[in-house]
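> One structure, pasted below without further comment.
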Amino acid sequence: MAEHVPHAEQPAYPVGLRLAGRRVVVIGGGQVAQRRLPALVAAGADVTLISPSATPSVEAMAESGEITWTRRRYEDGDIADAWYALVATSDADANARASAEAERTKTWCVRSDDAEAATAWTPATGRSDGVTVAVLTGRDPRRSAAVRDAIVEGLRDGTLAAPHHRTRAPFVALVGGGPGDPDLITVRGRRLLAEADVVIADRLGPRDLLDELPPHVEVIDAAKIPYGRFMAQEAINNALIEHAKAGKAVVRLKGGDPYVFGRGMEEAQALAEAGIPCTVVPGISSSISVPSAAGIPVTHRGVAHEFTVVSGHVAPDDPRSLVDWKSLARLRGTLVILMGVDKIGAIAQALITHGKAPDTPLALVQEGTTAAQRRVDATLATVAETVKAQDVRPPAVIVIGDVVAVGTQK
């Protein structure tokens, strides 16, 4: 006969509950419910909340129809016909009675106030690329969360090897890498980068991430593709198509966001014409992140209620310019100019000519978010000479407006 082991010393049996369309009862509308409800809703559960009050976030979920809210205290019978129950009130007696009902009705029940009295425990859970990681370490939830975080992060950035054992379909992803700091790429972008066979990288993308790629990954430097600017884009398009047709997983790693002066749509259109689907992964645009990194808010209460992002690669007097500089000069908000360092003198003069005050504050943030970041301040009247004197070079984001004087310099 097997020796009896106390319940507290026996490990929990892990299982994944499929709750789609099934009744789940949550008793208590406080912080615990606020944390747990989104996952239950995402699982497709038919959630009934029983509580006389709720946090604003929980109340918003009820108002939007994601959950059904019964505004009263727990009563015997509330857990009837439930597949799963979460008991999380501040009333110990109500928690005990609800837990007892769950025991009688053979409903798996989690208790936030007394894990030992519960029939189920909530693991520390994370997800990455279709994989759900759930960690239980008994009475040490912080350790569970730490283990969970380490595993999920490893899966996301590719440091934890988890090869696909079924055939993986080739893909093309246009990934926005953010403003330059490798930590500012999105989680999805980093995961796709870790799965790539071929990476076609911009010089303004987060270059440090390329060093983390496995040796078999082919890295193509888009900045060195020959035949000049126009043909370079055509060559990039052709490279994307050719590698995709060869069955490779291809990532086009771009700086900032693919669709903010990034020619991402041109690449997506070329792929579509070739019959190749692609995934677009948005990135953090330098137009907002670089000013922020330099201590400049692009909007600020009582100072600027708008911001406008403009490409400065074409001078205001160039017939190819599509920018209405006269209208921009009349705006009271913030003006952010990308790719405009070598044209900033002409841009500043155009804005002044059309009515912008010459003493309008201006900041140039070079190599924003990287270790080489520096900020140079000027005004519309002085910026041309300041750029020369300070040897400001691309890439740099230019911010024009009163917000420049709001923040602290970094």
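> Looking only at region 276-290, filter to residues that are more than 20 Å from Ile337 (Cβ to Cβ) and in a loop (DSSP other than H, G, I, E, B); which one of those is most open to solvent (accessible area, probe 1.4 Å)? It would help to see each step written out before you state the result.
Keep residues of region 276-290 that are more than 20 Å from Ile337 (Cβ to Cβ), which gives 276-282.
Adding the requirement that they be in a loop (DSSP other than H, G, I, E, B) leaves 276-278, 282.
Numbers: Ile276: 26, Pro277: 107, Cys278: 45, Pro282: 82 Å².
Ranking the candidates gives Pro277 first.
> Does Lys410 count as modelled with pLDDT under 95 and over 18 Å from Val309 (Cα atoms)? So that I can check it myself, show each step before the final result.
Details: modelled with pLDDT under 95: yes; over 18 Å from Val309 (Cα atoms): yes.
The answer is yes for Lys410.
> On to the next question. Within the set of pairs 6 or more residues apart or between chains, which connect a residue that is of a type in the set (Ser, Thr, Tyr) inside region 348-367 to a residue that is open to solvent by 10 Å² or more (accessible area, probe 1.4 Å) with Cβ atoms less than 7 Å apart?
Thr360/Thr379
> List the number of the failed condition for Ile67; all other conditions in (1) open to solvent by 50 Å² or more (accessible area, probe 1.4 Å); (2) at pLDDT 90 or above hold.
Of the numbered conditions (1) open to solvent by 50 Å² or more (accessible area, probe 1.4 Å); (2) at pLDDT 90 or above, the odd one out for Ile67 is (1).
> A follow-up question, please. Name the residues in region 326-348 that are over 25 Å from Gly368 (Cα atoms) and surrounded by 18 or more Cβ atoms within 10 Å (Cβ to Cβ), would you?
Ala329 - this is the single residue of region 326-348 that is over 25 Å from Gly368 (Cα atoms) and surrounded by 18 or more Cβ atoms within 10 Å (Cβ to Cβ).
> I've got another one for you. Kindly indicate which of Asp114, Asp93 is open to solvent by less than 70 Å² (accessible area, probe 1.4 Å), more than 19 Å from Val24 (Cα to Cα) and charged (D, E, K, R).
Answer to the check: Asp114.
> Given the conditions (1) loosely packed, with under 14 Cβ neighbours inside 10 Å; (2) among the aliphatic types (A, V, I, L, M); (3) within 19 Å of Gly256 (Cβ to Cβ), and given that Ala293 satisfies all but one, which numbered condition is not satisfied?
For Ala293, the failing item is (1).
> I've got another one for you. The conditions are (1) open to solvent by less than 20 Å² (accessible area, probe 1.4 Å); (2) within 23 Å of Asp391 (Cβ to Cβ), and Pro361 fails exactly one of them. Which is it?
It is condition (1) that Pro361 fails.
The values are calculated or read from the model by the stated rules, or taken from the named source; none is laboratory data. Predicted, not measured: the structure shown is a model, and the values here were computed from it. No Cβ is skipped: glycine too gets one built from the backbone with ideal geometry, and neighbour counts run over all protein chains shown. What goes into the accessible areas is simple: the full protein's heavy atoms, side chains included, and nothing from ligands, DNA or RNA. Shrake-Rupley method; radii C 1.70, N 1.55, O 1.52, S 1.80 Å.
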